[in-house]
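The values are calculated or read from the model by the stated rules, or taken from the named source; none is laboratory data. This one's a predicted model, so the numbers in the text were calculated from it and none came from an experiment. Cβ atoms come from the backbone with ideal geometry, glycine included; neighbour counts cover every protein chain shown.
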Amino acid sequence: MNAIYILWLRQLKRYSRSKSRMLGSLAQPLLYLFAFGFGLGPIFQKAGEGSYINFLVPGIIAMTILFSGIFSGIEIIWDKQFGFLKETLVAPVSRFNIMIGRTLGGATVSTFQGILVLAISYLAGFRVQSFVGLILGLVFMALIATLFTALGTLIASKLDDMQGFQLIINFLVMPLFFLSGALFPLQGLPTALMIIASIDPLSYGIDGLRVGLIATSHFGVSLDLLVLGGLTLIFLMVGSWFFERIQI
């Protein structure tokens, strides 16, 4: 446990030194929030769906966490190329603990970025329904962050070049985001799109955030927690298995 804590703290310090990187990662989510929120808001309201800002914010928070978490895996490839990972792996600490510590560190930063987006969304008129709902929302932020940081680590453990990692991640991230219901309601979708959304893990994260933040749901909070919790454990286990087999 001490090793996991030290590696978690190391990851936090690593991110804290790159404030420009953290601020830059907020640019795209905020563009989506204000451009889509105010641009499509009147159309959404005319359709009788209420405030589009309230509907959109959970999706934008999830997008911020998704991008930050999954792209944190690129640091493993960076460390491979410059020899930093070798120094870590030869330490008298199990590789499982190293992977868990790095993953939790990246997930903590991703969750913090999601909280920043939530705070900024208040400028756009968003309001959380209740304090209990806010706590539930934070739980789902942490689950989304851990799941996709573990996925990024899993993929990076099998690759040796950054270009290949970026191609694979871009191929995954955009479909995960756009087919999750982040920008549109899942009710009334064509059957094919509904099936895809139902197998997209981000759909359950966004639905859980909407339960907590705006008290509305499509799948139900129990199913959201079950799917996210189960997938998080699976990705952590599989990611640890791959990480333990990294060749140095």
Those residues of the stretch 162-198 which are touching a Gly at 6+ places or on another chain (Cβ under 7 Å) and loosely packed, with under 14 Cβ neighbours inside 10 Å, in sequence order: none
Selection status of LEU33, surrounded by 13 or more Cβ atoms within 10 Å (Cβ to Cβ) and modelled with pLDDT of 80 or more: yes
Close pairs from the stretch 61-73: first at pLDDT 90 or above, partner not in a helix (DSSP H, G or I), Cβ under 8 Å, at least 6 apart: ALA62/SER180; ALA62/ALA182; MET63/ALA182; THR64/SER25; THR64/LEU26
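Got a sec? Which of PHE177, PHE242 is in a helix (DSSP H, G or I) and more than 16 Å from the chain's Cα centre (by Cα)? Walk me through it before giving the result.
Details: PHE177 fails: more than 16 Å from the chain's Cα centre (by Cα).
Just one listed residue meets the conditions, PHE242.
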Of all residues making up the stretch 180-213, the number that are closer than 21 Å to THR232 by Cα and not in a helix (DSSP H, G or I): 5
